[in-house]
1. List the number of the failed condition for residue 57; all other conditions in (1) in contact (Cβ under 8 Å) with a residue 24 or more places away in the chain; (2) part of a loop (DSSP other than H, G, I, E, B) hold.
2. Look through 39, 32, 52 and report the one residue that is among the aliphatic types (A, V, I, L, M) and touching a strand residue (DSSP E or B) at 6+ places or on another chain (Cβ under 8 Å).
3. Out of (1) open to solvent by 70 Å² or more (accessible area, probe 1.4 Å); (2) in a loop (DSSP other than H, G, I, E, B); (3) not hydroxyl-bearing (Ser, Thr, Tyr), what's the single condition that is false for residue 13?
4. Counting only residues that are part of a strand (DSSP E or B), open to solvent by 70 Å² or more (accessible area, probe 1.4 Å) and either of a type outside the set (Val, Ile, Thr) or at pLDDT below 95 (or both), how many does the range 16-40 have?
5. Taking the conditions exactly as written (among the charged types (D, E, K, R) and in contact with a helix residue (DSSP H, G or I) (Cβ under 9 Å, 6 or more places away or on another chain)), does residue 34 satisfy them or not?
Amino acid sequence: RYSILPILTLDGIIAYDIIEGPVTSERFVQFLQEHVLPLTNPYHGPCSVLVLDNCRIHHSEEVRRVVED
């Protein structure tokens, strides 16, 4: 099995990662650090809002810390 982690914007998918197996909390944080956060900007700029659904791995303190830093 494989899992796909895409970065979806109003312009479509701008980056993604395909991994073997399920997405763990650690793997999701790594994806944020390597693929998502380098493409973000301060608020009011383009790509400045991160929207996550209610998936359990999206709500860890590590995710909050990485995004807020």
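1. Going through (1) in contact (Cβ under 8 Å) with a residue 24 or more places away in the chain; (2) part of a loop (DSSP other than H, G, I, E, B) one by one, residue 57 breaks only (2).
2. Result of the check over 39, 32, 52: 39.
3. (2)
4. 2
5. No: the conditions fail for residue 34.
The values are calculated or read from the model by the stated rules, or taken from the named source; none is laboratory data. Keep in mind that what you see is a predicted model, and the values were worked out from it rather than measured. Cβ coordinates were reconstructed from backbone atoms using ideal geometry, including for glycine residues, and neighbour counts include every protein chain displayed. These area figures cover heavy atoms from the full protein model, side chains too; ligands, DNA and RNA do not enter into them. Shrake-Rupley method; radii C 1.70, N 1.55, O 1.52, S 1.80 Å.
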